[in-house]
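**Student:** Mind looking over this structure? Questions follow.
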Amino acid sequence: MVAPVLTNVIVGEATLYIAPANTAMPADTVNLGAAWPVGWTYIGATDAGVTLTVSTNTQDITIEEQSTPALVTVTTKDVTVGFALAEDTVANMKTAYGGGTLTTQAAATGTIGKDTLVLSDTLDQLAVGFEGINPEGFFRRVYIPVAMSIGSVATPYRRAAAKRMYPTTLRAICAPSSIQIVDMTAAAL
């Protein structure tokens, strides 16, 4: 009997980053857990980690001569990254709500410091990437060069409520062939 490879059973969180659309994926020389290069912003704490979802809808092509499809074609593929932002910042609100204009005013004599988010009907395009550990103890990186925030965000402001969170779904709006999942399998000598 063939035994399962128990070292392939992995648990652990992922570290999530966003960047302007089409920002290059970090080089393979960036170690697991190291900060990603300029352009990438660590998103901060999440409530329940990161979920990658790939949904494929298909169309059967049938022929009279057989009862099973002769071919199955892809009609749509939906790739999303879902997470709940647990840090209550205006920058996280901008990401969750899909964009807008965020301005920062530093405090000066006679003025207060403030961040102002002005919402927009135009959705920001972002690159999204995250990494976690793989069975070899190296990184597994997921990279989507262009995505947009979709969905509804409800954040309760209540006296006795749990922490404020910003549930977010980033949906890929790029060709599936530009999405990469990279598993480092060995270190360079």
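A short reminder: the numbers here are calculations on the coordinates, not readings from a lab. Fair warning: this is a prediction, and the values are worked out from it, not measured in the lab. When we count neighbours, we look across all protein chains shown, and the Cβ atoms used for this are built from the backbone with ideal geometry, even at glycine.
**Student:** What number, in percent, do you get for the relative contact order of the chain if the mean sequence gap of Cα pairs under 8 Å and at least 6 apart is divided by its residue count?
**Tutor:** Once divided by the residue count of the chain, the mean separation gives 24 percent.
**Student:** Excluding A91 itself, what net charge comes from residues whose Cβ is under 15 Å from its Cβ, given Lys and Arg +1 and Asp and Glu -1?
**Tutor:** -1
**Student:** Still on this structure, I have one more. Using DSSP to define loop residues, name the trypsin sites (Lys or Arg not before Pro) in segment 130-189 whose beta-carbon has at most 15 other beta-carbon atoms within 10 Å.
**Tutor:** R158, R159, K163, R164
**Student:** Which residue, T109, T68, T76, tops the fluctuation ranking in a GNM of the chain built on C-alpha contacts under 10 Å?
**Tutor:** T109
**Student:** For T73 and L119 in one chain, what is 0.36 nm times their gap in residues minus the Cα-Cα distance, to one decimal in nm?
**Tutor:** Extra length available between T73 and L119 comes to 12.7 nm.
**Student:** Roughly what percent of Cα-Cα pairs across segment 1-78 reach past 20 Å?
**Tutor:** Percent of Cα pairs beyond 20 Å in segment 1-78: 64.
**Student:** I would also like to ask the following. Mean-square fluctuation check for the chain, GNM, Cα pairs under 10 Å: which of N57, N134, N22 is largest?
**Tutor:** N57
**Student:** Give the distance, in whole Å, between the Cα centre of segment 138-189 and the Cα centre of segment 1-47.
**Tutor:** One Cα centre to the other: 10 Å.
**Student:** So which GluC sites (Glu not before Pro) in segment 40-114 pass both tests, a DSSP loop state and at most 13 other Cβ atoms within 10 Å of the Cβ?
**Tutor:** Of the GluC sites (Glu not before Pro), the ones in loops of segment 40-114 whose Cβ has at most 13 other Cβ atoms within 10 Å are E64, E65.
**Student:** What net charge do the residues around A107 carry, taking every other residue with its C-beta under 14 Å from that of A107, with Lys and Arg at +1 and Asp and Glu at -1?
**Tutor:** 0
**Student:** OK, next. In vacuum, with every alpha carbon of segment 6-183 counted as one equal point scatterer, what does the Debye formula give for log10 I(q)/I(0) at q = 0.10, 0.12 Å⁻¹? Two decimals, please.
**Tutor:** The Debye formula, applied to the Cα set alone, gives -0.50, -0.68.
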